[in-house]
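Data block below; observations after.
The values are calculated or read from the model by the stated rules, or taken from the named source; none is laboratory data. Every value quoted in this text rests on a predicted model; they were computed, and no experiment measured them. In this analysis, Cβ positions are derived from the backbone assuming ideal geometry, glycine residues included, and neighbour counts consider all displayed protein chains. Areas reflect the complete protein model, heavy atoms only, side chains present, ligands, DNA and RNA absent. Shrake-Rupley method; radii C 1.70, N 1.55, O 1.52, S 1.80 Å.
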Amino acid sequence: MAVGLARTGEITAAAGRIRQSNFHDFQVARMSDAPFQVNVHFVDSGELPTGAGEPGLPPVIAALGNAIFAATGKRVRDLPLSKQKLV
C-alpha cells in the first residue's frame, strides 16, 4: 500500500472540491504491481499489542525515497513518484 501511494497516490482539488471520487479516477496498486517476494519481520515484545498494519506505512515511503537517492543521487521531495523525473 505504501509503495502504491508513493508511486501514484495523488489527491487534487479544483474549485474547492476533491477531483477524485472513487477508484475509477484514483489509481491504487494492483497485484501486478506487487513485488514477487516480501519479507516481513515481527519483533518480539513484552508490550501490549498495538497492531502491525498502518503504522508501518510512513517508514516504507521514507525508505523508498532513500533507496532512490542511493541509486540515482536525486532526492525525492514531492510525491507521487510518477510525477518525478528520476531517469
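Across the alpha-carbon set of the chain, the Rg to Rh ratio works out to 1.04, Rh being the Kirkwood radius.
Among 28, 60, 40, which one shows the biggest mean-square fluctuation in a GNM of the chain, springs joining Cα atoms closer than 10 Å? Checking each option, the largest mean-square fluctuation is seen for 40.
Measure off, as a whole percent, the carbon and sulfur share of the 1.4 Å-probe accessible area of the chain, all protein chains present.
Summing carbon and sulfur atoms, their accessible area is 57 percent of the total for the chain.
Annotation note: chymotrypsin sites (Phe, Trp or Tyr not before Pro) in region 1-82 located in DSSP loop regions with a Cβ neighbour count of at most 13 within 10 Å are 23, 36, 42.
The residues of region 19-87 have, on average, 91 Å² of accessible surface per residue, using a 1.4 Å probe with all protein chains present.
Helix 57-72 and the longest principal axis of the Cα set of the chain meet at an angle near 70°.
Rounded to the nearest 500, the helix-only mean residue ellipticity at 222 nm of the chain stands at -8000 deg cm²/dmol, with each DSSP H run of n ≥ 4 adding -39,500 (n - 2.57).
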